[in-house]
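Student: Can you read through this structure? Questions will come right after.
What follows draws every value from the coordinates through simple rules; no lab data is involved. Worth saying up front: this structure is predicted, and the values here are computed from it rather than measured. Cβ coordinates were reconstructed from backbone atoms using ideal geometry, including for glycine residues, and neighbour counts include every protein chain displayed.
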Amino acid sequence: MEQIIDNYDPKAPLEQAWTIPAAWYTEPQVYELELKTVFSASWQYAARLEQLRQPGNYVTADIAGEPIVVVRGSDNMLRGFFNVCRHHAAAVMTAAEGNANQLRCPYHGWTYSLEGELKGTPDFAGVCNFERASNGLVPVENSVWEKWVFVRLKREPALGLTDFISSELIGQFEPLALEKLHWSERRHYTFDCNWKVFVDNYLDGGYHVPHLHKGLDSVLDYSKYTIETGERFCLQWSPMVSEGAEQETAAVRKGHRALYYWIYPNFMINWYDGAMDTNLVIPRGVAQTEVIFDFYFPDTSESARARNLASVEVGQRIQDEDEAICKSVQKGLNSRAYNAGRLSVRREAGEHLFHRLLHADLKSGL
Ligand code: FES
Ligand SMILES: [Fe+2]
């Protein structure tokens, strides 16, 4: 295992760098190690803030394979917990979201307050050395940025959300005025590939756009596509053109520029004038990936429905185009003919950053 991780040289500058080895995309042990390190030590998107406006609102999530619930307490405080009953470990809340007066486990009916304290334990009299007070739900750190609630499973080493995403990134989002955008719908996509194949594909600096996404390519000024990397994020952006643009795409991808933000390891925010979507990349096995898309628009009223839907459909077409290529890459990574590849200096600085951050996290878990 150690050798698989050491087969990558994180010190090589981009001009000399190789991609991470194929085994990182195909070995179940690497996948397990990623859940314990990459996904447990990073801040992970868990909910939209607007789902948690009222006391009693809750959202469940699966983070690094662990059940999580985020709840707004009666005191209006937002709290995160492991959604694991202290009795025999069943998930306490089972719906994706909702509103509750208390958190009741469906298995044997134990109840917890919205603040996570154990309240009710039916038929439990006579049990020795059992303290209700120390059997509340186990808390998990949570933090809010813009429209989103994030949680972090590990507490050590301490690393606040602001430091994790950086004040540089936070500053770049302020002028985008995301409060003017409203959530409209969610779509799930499944990819037959390792989660990193999807992220690599996203981070290739538009390299694949002229070849794979003709519609999207027609609205982007490909030669001016720019890649900027921060400590744990990458911004790819491109000026937009209207001349020669394919109509269907141009109708819903307007404005002067498109901004594509990736936040390590698995969250993306795609911003256009008048539209935004986020992508959450969830590993569902070594060669299975679920990507959850949330779409936001300035106007989500009935009169804007058709226009918003047209925008979502353009996104869907782009996903379909990516789905086939990701599957093909996963197959190739399993071939004896391939171990690693080189990176374009012009285009692939984002992937280089991604691979170096992964290496650091995986090393920490060995
Ligand atoms: S597992 Fe929750 S009450 Fe038994
Ligand atoms: Fe793509």
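Student: Per 20 Å bin, what percent of the C-alpha pairs of the chain does each bin hold, from zero upward?
Tutor: 27, 55, 17, 1
Student: As a test of understanding, state the convex hull volume per residue of the range 1-93 from its alpha carbons, in Å³.
Tutor: About 150 Å³ per residue, rounded to a whole number.
Student: Something else now. Could you give the size of the charge dipole of the chain about its Cα centre, using +1 on the Cβ of each K and R and -1 on the Cβ of each D and E, expressed in debye and rounded to the nearest 20?
Tutor: Rounded to the nearest 20 debye, it is 360 debye.
Student: So how do H208, H88 line up by other beta-carbon neighbours within 10 Å, fewest first?
Tutor: By the 10 Å Cβ count, ascending: H88, H208.
Student: Another question about this same structure. Compute the Rg/Rh shape ratio of the range 183-332: radius of gyration over Kirkwood radius, all on alpha-carbon atoms.
Tutor: Working: Rg = 14.9 Å, Rh = 15.8 Å.
Ratio of gyration radius to Kirkwood radius: 0.95.
Student: Right, here's the next one. State the answer as a single residue: which of A340, G285, Y296 lies farthest towards the positive end of the charge dipole of the range 281-366, with beta carbon charges of +1 for Lys and Arg and -1 for Asp and Glu, about the Cα centre.
Tutor: The one lying farthest along the dipole's positive direction is A340.
Student: Using a simple charge model, +1 on the beta-carbon of Lys and Arg, -1 on the beta-carbon of Asp and Glu, nothing else, what dipole does the range 223-366 show about its Cα centre, in debye to the nearest 20?
Tutor: 640 debye
Student: When we measure straight from the Cα of K363, which lysines land under 19 angstrom away, once same-chain ones fewer than 8 places off are left out?
Tutor: Once the sequence-local lysines are set aside, what remains near K363 is K11, K36, K154, K196.
Student: Can you give the angle from 0 to 90° between the axis of helix 305-333 and the longest principal axis of the chain, with both taken from C-alpha atoms, to the nearest 10?
Tutor: Between helix and principal axis, roughly 80 degrees.
Student: Please state, as a whole number in µm²/s, the translational diffusion coefficient that the Stokes-Einstein equation yields for the range 64-139 at 4 °C and 1.567 mPa s, with Rh defined as the Kirkwood radius across alpha carbon pairs. Please report the intermediate quantities before stating the final value.
Tutor: On the way: Rh = 12.8 Å.
For these conditions, the coefficient is 101 µm²/s.
Student: Now a separate question. Given the alpha-carbon gyration tensor of the range 215-264, what are the semi-axes of its equivalent ellipsoid in whole angstrom, ordered largest first, with each equal to the square root of 5 times an eigenvalue?
Tutor: Largest first, the range 215-264 gives 24, 10, 7 Å.
Student: Restricted to Cα positions, what overall size does the range 244-366 have along the principal axes? Three whole-Å values, descending.
Tutor: Principal axes ranked by extent give 54, 31, 30 Å for the Cα atoms.
Student: Quick one: give the max-minus-min coordinate of the C-alpha atoms of the range 67-196 along each principal axis, largest first, in Å.
Tutor: Largest first, the range 67-196 extends 59, 34, 32 Å along its Cα principal axes.
Student: So for the chain, taking the charge dipole from beta-carbon charges (+1 Lys/Arg, -1 Asp/Glu), which of N99, A349, A23 sits furthest toward the positive end?
Tutor: Comparing the listed Cα positions along the dipole, N99 ranks first.
Student: Positive end of the dipole of the range 31-142, charges at C-beta (+1 Lys, Arg; -1 Asp, Glu), about the Cα centre: which of S42, V140, W110 has its Cα farthest in that direction?
Tutor: Checking the options against the dipole of the range 31-142, the answer is W110.
Student: Something else about it: Taking the Cα atoms only, what angle lies between the long axis of helix 349-364 and the longest principal axis of the chain, rounded to 10 degrees?
Tutor: 30 degrees
Student: Another question, if that's okay. Let me know the charge dipole size of the range 107-203 about its Cα centre in debye, to the nearest 20, where only the beta-carbon of Lys, Arg (+1) and Asp, Glu (-1) is charged.
Tutor: 200 debye
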